[in-house]
1. Do you know which residues across segment 98-109 are of a type in the set (Gly, Ala, Ser) and either in contact (Cβ under 8 Å) with a residue 12 or more places away in the chain or open to solvent by 60 Å² or more (accessible area, probe 1.4 Å) (or both)?
2. Taking interchain pairs and intrachain pairs at least six residues apart, which have beta carbon atoms under 6 angstrom, with the first residue in segment 75-97 and among the acidic types (Asp, Glu) and the second buried (at least 18 other Cβ atoms within 10 Å of the Cβ)?
3. Looking at segment 110-123 only, could you name the residues that are within 17 Å of residue 82 (Cβ to Cβ), buried (at least 17 other Cβ atoms within 10 Å of the Cβ) and not aromatic (Phe, Trp, Tyr)?
4. Taking the residues in segment 128-149 that are under 13 Å from residue 51 (Cβ atoms) and assigned to a helix (DSSP H, G or I) as candidates, determine which candidate is most open to solvent (accessible area, probe 1.4 Å).
5. Which of (1) open to solvent by 30 Å² or more (accessible area, probe 1.4 Å); (2) at pLDDT 95 or above; (3) touching a strand residue (DSSP E or B) at 6+ places or on another chain (Cβ under 9 Å) is the odd one out, the single condition residue 177 does not satisfy?
6. Quick one: is residue 44 touching a residue at least 60 places away in the same chain (Cβ under 8 Å), under 18 Å from residue 135 (Cα atoms) and under 14 Å from the mean Cα position of the chain (by Cα)?
7. Out of 93, 152, which single residue is over 14 Å from residue 170 (Cα atoms) and open to solvent by 70 Å² or more (accessible area, probe 1.4 Å)?
Amino acid sequence: MDNRLTRRFFLLATAAGGLAACAPPPPPARRYGPDGRPLPQVYRIGDEGRVQYRMLDSVNALRQAGGHPPLQLNAQLNAAAATHSRDMSVQNRPWHFGSDGSSPIDRVRRVGYQGRLVGEAISETYESELETLTAWMQDENIREVILDDSARDLGFDWYQENNGKIWWTMVLGAPDLSPTPGGGTPGERPA
């Protein structure tokens, strides 16, 4: 009898250990900054094919809620966004000018986009695309670009460094060649 009890205990302990090894690890403890807000955690882009569509769907949901027309992904604007994201990483600073002095207007023209640049949003972060969109929507100027009624095309891309830092770029365009409302050069925002 004693042998069977020992054997059962051993089998149960082995099964429990095996199940415990299959369980996912517990989530990392959340760290907080001095302001009490959670510190950003490194976000690793896993399914690259879905990132652009998640952003497009999220932007269109925001636009729909405000009564603005939907956007569609544009391959040329995606290329301009990808180029600028990588270039910001090379420069190690988030800003709208390329290492060659190019402006957002120059970049959309280089990729052959025939429409008008509505605006560009950029970010340097360790956060996901949706957390980045949330931050952009909290900035009045960027929110105006994202919700601009003339915009119909969206370019969105990123570059992730080995350390996890992500350089995000969103470019919005209007496919017609009409002048920018309020005058000015295509891509400029009226004052």
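The values are calculated or read from the model by the stated rules, or taken from the named source; none is laboratory data. Predicted, not measured: the structure shown is a model, and the values here were computed from it. A quick note on method: Cβ atoms are made from the backbone with ideal geometry, for glycine too, and the neighbour counts reach across all protein chains shown. Keep in mind that these areas ignore ligands, DNA and RNA; they rest on the heavy atoms of the full protein, side chains included. Shrake-Rupley method; radii C 1.70, N 1.55, O 1.52, S 1.80 Å.
1. Quick first cut of segment 98-109, residues of a type in the set (Gly, Ala, Ser) only: 98-99, 101-103.
The answer is 98, 99, 103.
2. Partner pairs satisfying both residue conditions: 87/98.
3. 111, 117, 120, 121, 122, 123
4. So the first thing to find is which residues in segment 128-149 are under 13 Å from residue 51 (Cβ atoms), and the list is 128-133.
When the remaining residues are screened for being assigned to a helix (DSSP H, G or I), the result is 129-133.
On the way: 129: 3, 130: 70, 131: 86, 132: 4, 133: 9 Å².
Checking each candidate, the answer is 131.
5. Just one mismatch for residue 177, condition (2).
6. no
7. Of the residues listed, the single one that is over 14 Å from residue 170 (Cα atoms) and open to solvent by 70 Å² or more (accessible area, probe 1.4 Å) is 93.
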